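Derivation of every value follows stated rules applied to the coordinates shown; laboratory data play no part. All figures in this text were calculated on a predicted structure; none of them were measured in a lab. We place every Cβ from the backbone using ideal geometry, glycine too, and count neighbours over all the protein chains shown.
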Ligand code: DX5
Ligand code: ZN
């Protein structure tokens, strides 16, 4: 996985057909997705349950590019190896998930995956200030995690603060929640490069009719890149 700050669109399969993840991943990749974002929820850290490492492993062969696994679970550390073995390229843990995020990030890197750290809307940018050399990605939540299709919460000041804090380090800024062609330019201008989008990518399409996925991805990318279409 090479590093750059170009805009990357990461469809969240939380908005895909749960009975057909493999085909959904292949369809959005064929339609221009850069990364595939995989939301793992435990019904404890967040009030919703999705799936675990076995499902990630089953999806993996259907993804050619980056599998970006977002862990909304607590505790985290005992499961890191399982998600790494499942083929995650990026494993992101929440700073709020436990008292030892530093140890968690060390463990993620030791597993061979890139290490991401996510911040809930109520968590300040400063909470990751001492973690940036251990981190490959900072995920700024623009909704309270747990569900797709929620209203975007403006985190512009936090994104700008993180962008300044990161400086020249090869650390991605990812935005997760409520990203669509209206909100994408706001976060891109503030310094984000990875845009997660669930409902705004999967709406209107299906594996049998994937063209809308491509239109949706292109609309978000064009808006983020400042070329409104
Ligand atoms: C929320 C998840 C998001 C979610 C985004 O807890 O982490 O990845 O799927 O969905 P949309 O784009 O619909 O807000
Ligand atoms: Zn997510």
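What's the extension gain from residue 19 to residue 189 if we count 0.36 nm per residue and subtract their Cα-Cα distance?
Length gained between residue 19 and residue 189: 57.6 nm.
Between the stretch 55-74 and the stretch 76-132, what is the separation of their alpha carbon centroids in Å?
Between the Cα centres of the stretch 55-74 and the stretch 76-132 lies a distance of 15 Å.
Please work out the FRET efficiency for the pair residue 209 and residue 4, using the Cβ-Cβ distance as r and a Förster radius of 25 Å; give the result to the nearest 0.05.
0.20
Sorted from largest to smallest, which semi-axis lengths in Å does the alpha carbon gyration tensor of the stretch 119-229 give for its equivalent ellipsoid, taking the root of 5 times each eigenvalue?
For the stretch 119-229, the semi-axes come out at 26, 15, 12 Å.
At a 10 Å Cβ-Cβ cut-off, how would you order 44, 172, fewest neighbours first?
Starting with the residue having the fewest Cβ neighbours, the order is 44, 172.
Give me the orientation-averaged projected area of the Cα convex hull of the stretch 179-229, in nm², one decimal.
3.2
Where is the GNM fluctuation largest for the chain (alpha-carbon springs, 10 angstrom cutoff): 102, 70, 94?
Highest fluctuation of the listed residues: 102.
Give me the Kirkwood hydrodynamic radius of the stretch 20-165 in Å, from all C-alpha pairs, to one decimal place?
Kirkwood radius, the stretch 20-165: 15.6 Å.
So if I take the alpha carbon set of the stretch 45-121, get Rg, then get Rh from the Kirkwood formula, what is the Rg over Rh ratio?
Answer for the stretch 45-121: 0.94.
Which order results if 108, 166, 101 are arranged by neighbouring Cβ count within 10 Å, fewest first?
166, 101, 108
Test of understanding: what is the full-extension gain from residue 58 to residue 81, defined as 0.36 nm times their sequence separation minus their Cα-Cα distance?
Roughly 6.7 nm would be gained on extension.
By per-residue mean of other Cβ atoms within 10 Å, what is the highest-first order of 127-137, 72-82?
72-82, 127-137
Run the helix sum for the chain: -39,500 (n - 2.57) per DSSP H stretch of 4+ residues, divided by residue count, reported at 222 nm to the nearest 500 deg cm²/dmol.
When only DSSP H runs of four or more count, the value is -8500 deg cm²/dmol.
Which of 188, 30, 219 moves most in a GNM of the chain, Cα contacts under 10 Å?
30
Could you check what % of the DSSP bridge pairs in the stretch 1-93 are antiparallel, to the nearest 5?
The antiparallel fraction comes to roughly 10 percent.
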